[in-house]
Every structure is written in C-alpha cells, then in structure tokens.
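Remarks on the structure that follows.
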Amino acid sequence: MITQAELRALMPHVLVVDVRSGEEFKERHIPNALHIPLSEIPQRLSELNVTIPIVTVCGKGGGRSMDAASLITGADWLEGGTDGFFVQ
C-alpha cells in the first residue's frame, strides 16, 4: 500500500492504473492515469511499463485496487483511492 503523500511525491515518475469501470473513470480520475478495468488486467499486462513504479487505484482504495496490484508484479495500491486524491 502507498499513501496519498507518497504518490504525490512520486508523480509524474509513476504509472497510475485506474481499475474502475469506464463510467467511474469518466466521472473523475487522477491526471494521466491509465484506465484498465480490473477484469481486463490479466489480458493487458503487456501494456504496462514495468520499468517505473506502478500504483493501482479504485474509488476508495481497497478491494479492486488491491486485487489489481496482486496481479501486477511489483505493483502497489493507493490508500484512500481516487476519492482521497481529490480531497486534499
């Protein structure tokens, strides 16, 4: 797990992968985030730049982002999710 402050310190040298639905992503997302719904992660692993840190995000920072991070070698997930990113 990575905190909001840690993510902000790493940006823009991190790949943020938003694993929410298309509707959720369109509503609001972290700038420059790559949208890959959780169900598509296994088929789209080749799209990920594994030479930089990868952080997965969902709405509140838990279930989906943690599941996605477990599918991506070396990835971490964002505590507080996208919702938390916009609170600060």
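Derivation of every value follows stated rules applied to the coordinates shown; laboratory data play no part. Since the structure is predicted, the reported quantities are computational estimates derived from the model, not experimental observations. Here the Cβ is made from the backbone with ideal geometry for all residues, glycine too, and neighbour counts use every protein chain on show.
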Self-check item: the range 34-58, residues that are under 21 Å from His13 (Cβ atoms), crowded, with 19+ Cβ neighbours inside 10 Å and hydrophobic (A, V, I, L, M, F, W, C)
Solution: Ile36, Ile54, Val55, Val57
Quiz item: Using beta carbons and a limit of 8 Å, which pairs, at least six apart or on different chains, have the first residue in the range 1-14 and surrounded by fewer than 11 Cβ atoms within 10 Å (Cβ to Cβ) and the second one of a type outside the set (A, V, I, L, M, F, W, C)?
Solution: Pro12/Asn32; His13/Pro53
Quiz item: Restricted to the range 15-33, and to residues that are of a type in the set (Gly, Ala, Ser) and surrounded by 13 or more Cβ atoms within 10 Å (Cβ to Cβ), which residue is nearest to Gly62 (Cα to Cα)?
Solution: Ser21
